[in-house]
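The values are calculated or read from the model by the stated rules, or taken from the named source; none is laboratory data. For clarity, every value in this text was computed on a predicted model and none was experimentally measured. A quick note on method: Cβ atoms are made from the backbone with ideal geometry, for glycine too, and the neighbour counts reach across all protein chains shown.
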Amino acid sequence: MITLNHFLLLSALLFSIGTAGIFLRRNLITLLLSVEIMLNAVNLTFVALGRFNGSVEGQIITFFVMTVAAAEAAVGLAIVIALFRHRETLSPDAFTSLKW
């Protein structure tokens, strides 16, 4: 039988993978994917707690988080494309100044 602890452990594992991706990788696309993994871990926690409590609030919150994540991915990818066209690299170290 799968309990709430299993869901929370999986969520913590996903969140730690996303956090490791943020700190260890040096590519803007990988950083965006790591943020998406972290948001999905939080979504899993919301849904698991909602199921455990017998309510739908976790699923409603997850719907809003997914909407914000989709907007973040679209805007983030547009910014990455604009930065790549300007500097021709995806390394975050190349974008330390805000001067064009």
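Quick one: residue 95 ticks every box in (1) among the aromatic types (Phe, Trp, Tyr); (2) under 14 Å from residue 40 (Cβ atoms); (3) more than 16 Å from the chain's Cα centre (by Cα) except a single one, so which number is it?
(2)
Give the stretch 42-59 a look and list any residue that's more than 21 Å from residue 1 (Cα to Cα) and at pLDDT 95 or above, or say none.
Passing the criteria: 42, 43.
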